[in-house]
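The values are calculated or read from the model by the stated rules, or taken from the named source; none is laboratory data. Predicted model only: the values in this text are computed from it and were never measured. Cβ: placed from backbone, ideal geometry, glycine included. Neighbour counts: every protein chain shown.
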Amino acid sequence: PDTGVLDFAGYRIYRAEGSFLNVYSLIWDSGTTANPDTTVYEDRNVERGKSYFYYVTAYDDGSQNTTGLFPGQSLESSPFYNRNFQFGAVPFLGARKDLDSVYVVPNPYHAAGFAFGGRPRDIYYIEDREVKDQIAFVGLPNKAIIRIFTVHGDLVATIHHPDPTNPQSIPDSADEAWFQISDSYQIIKSGVYFYYVEGWDFEGNYLGTTSGKFVIIR
């Protein structure tokens with residue numbers, strides 16, 4: 001019952017990795033002796049390239065809960081009230097000022113292995129089709145155009161960084177995910193591929209080009 005007594009005890013933060021459908025774990029409790037009256041939390045236990053989903057709850061000290069099956073027990077707000085059901089938070093490094101450190105991870109990519117971020121390959125949805133096999137171009141400047149070619153010189157895909165059509169593309173970051181889908185919406189096959197990158201800095205100055213290769217194994 002609402003007795004008018006201030007029985008607020010603190011906040012709790014829960015986190016899931018990879019998807020909002022995964023298990024959430026408690027990572028912070030502001031009402032403990034170690035964190036009294038804290039309203040700011042910075043999550044530093046993260047890995048670059050992973051998606052993280054959070055929700056925050058508030059709870060009381062239970063002193064005014066005199067009715068019900070468990071009198072005196074602390075009550076906590078719903079975990080569904082402010083949960084993020086859309087895009088997760090993705091830690092990233094800031095955009096570089098040159099093209100000296102552009103590379104692909106993982107390289108080689110193996111379909112039975114692990115994806116960028118150290119966990120099983122991501123799931124991404126494009127035009128109602130489930131597409132797996134995430135790799136990433138890292139070490140990119142503020143703006144870049146990535147072109148991917150076969151060993152015969154055929155253009156497979158053109159990727160813009162940042163890409164407004166990709167929910168995992170982050171402006172001002174050094175990373176750009178690609179899900180091995182060609183410009184004709186086909187999953188690429190095993191083989192050696194070459195990439196050619198043009199880059200621009202924050203002021204729009206042209207940084208030149210760089211190139212490299214990566215391997216896909218299915």
Which of (1) over 30 Å from I148 (Cβ atoms); (2) part of a strand (DSSP E or B) is the odd one out, the single condition T39 does not satisfy? (2)
Residues located in the stretch 46-68, provided they are more than 30 Å from F137 (Cβ to Cβ) and either outside the structural domain of Q86 (by TED's automatic domain parsing) or small (G, A, S) (or both): A58, G62, S63, G68
Any idea which of (1) part of a loop (DSSP other than H, G, I, E, B); (2) within 30 Å of F137 (Cα to Cα) is the one P71 doesn't satisfy? (2)
Within the stretch 143-190, can you find the residues that are over 20 Å from the mean Cα position of the chain (by Cα), in a loop (DSSP other than H, G, I, E, B) and either within 18 Å of A111 (Cβ to Cβ) or not assigned by TED's automatic domain parsing to the domain that holds L207 (or both)? S182, Q186, I188, K189, S190
Condition broken by N166, with the remaining ones in (1) buried (at least 18 other Cβ atoms within 10 Å of the Cβ); (2) on the phi < 0 side of the Ramachandran plot satisfied: (1)
Could you check the stretch 74-83 and list, in sequence order, the residues that are at pLDDT below 80 and surrounded by fewer than 14 Cβ atoms within 10 Å (Cβ to Cβ)? Y81, N82
Quick one: what pairs do we get from the stretch 140-154, first residue under 12 Å from L99 (Cα atoms), second among the β-branched types (V, I, T) and in a loop (DSSP other than H, G, I, E, B), C-beta under 8 Å, 6+ apart or different chains? L140/V102
I want to confirm something. Restricting to the stretch 53-73 and keeping residues that are touching a residue at least 24 places away in the same chain (Cβ under 8 Å) and farther than 20 Å from G31 by Cβ, which single residue is surrounded by the most Cβ atoms within 10 Å (Cβ to Cβ)? F53
Can you name the number of the only condition in (1) modelled with pLDDT of 80 or more; (2) part of a loop (DSSP other than H, G, I, E, B); (3) closer than 30 Å to F8 by Cβ that Y59 fails? (2)
With the condition kept exactly as written, say whether any residue in the stretch 12-19 is among the small types (G, A, S), closer than 30 Å to A136 by Cα and at pLDDT 85 or above. yes
Which one of these does G88 not meet: (1) among the small types (G, A, S); (2) touching a Ser or Thr at 6+ places or on another chain (Cβ under 8 Å); (3) at pLDDT 85 or above? (3)
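Residue-wise test of (1) within 19 Å of G49 (Cα to Cα); (2) modelled with pLDDT of 95 or more; (3) surrounded by fewer than 19 Cβ atoms within 10 Å (Cβ to Cβ).
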| position | (1), (2), (3) |
| --- | --- |
| N107 | yes, no, yes |
| G113 | yes, no, yes |
| G118 | yes, no, yes |
| D128 | no, no, yes |
| I135 | yes, no, no |
| I148 | no, yes, no |
| F194 | no, yes, yes |
